[in-house]
Amino acid sequence: FNDVIVIERKANIEEICNNLTNKTDKMNRERLEREFLKINKSGARLVLILENNKALEDIINWNYKSKYNNKSLYSSLKTFEARFNINFKYTDKTFVGMEIYNTIKYYIREVLK
């Protein structure tokens, strides 16, 4: 079912910031957007899980190590959500395995109906 649902997992906010701003790889953001576009065009559902249940609050309050501006980060995530139909989930790392399993389980169940 990898052609109907894709789960992308990020360990923390810094990992997303690095994906968007890595100076050693200026094409990093473009590559990420190409991957999202490819998944979106395939018709697969894309779910991005960030292992931090307070991530949204941490982004808004700039409570992370990266120097990537919190308004820019928030805007990028909301743009990706709209442009590529991504479902962002913020989940405590204790529950990530369960969240991945149940996200796939219930999505596939709906596809098979």
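Helices meeting the span-like rule in the chain (full DSSP H runs, Cα extent of at least 20 Å along the helix axis, mean Kyte-Doolittle score of -0.5 or higher): 96-112. In the full protein context, the chain carries 65 Å² of accessible surface per residue, based on a 1.4 Å probe and ignoring ligands, DNA and RNA.
For the pair Asn61 and Lys78, label points projected 7 Å from Cα toward Cβ lie 2.0 nm apart.
Taking 17 Å as the straight-line reach from the Cα of Lys89, the lysines in range (excluding those fewer than 8 positions away in the same chain) are Lys10, Lys54, Lys78, Lys105. Each part gets one Cα centre, and for the range 83-113 versus the range 1-77 those centres are 16 Å apart. Do any trypsin sites (Lys or Arg not before Pro) in the range 1-86 lie in a DSSP loop with no more than 10 other beta carbon atoms within 10 Å, and if so, which? Passing sites in the range 1-86 are Lys23, Lys26, Lys65, Lys67.
Near Phe84: Cβ cut-off under 12 Å, other residues only, Lys/Arg at +1 and Asp/Glu at -1. The net charge is +2. As a fraction of the 1.4 Å probe accessible area of the chain, surface on carbon and sulfur atoms comes out at 50 percent.
The values are calculated or read from the model by the stated rules, or taken from the named source; none is laboratory data. Keep in mind the model is a prediction, meaning the values are calculated, not measured. Every residue, glycine as well, gets a Cβ built from its backbone with ideal geometry; the counts of neighbours run over all protein chains shown. Just the protein is used for accessible areas: all its heavy atoms, side chains included, with ligands, DNA and RNA removed. Shrake-Rupley method; radii C 1.70, N 1.55, O 1.52, S 1.80 Å.
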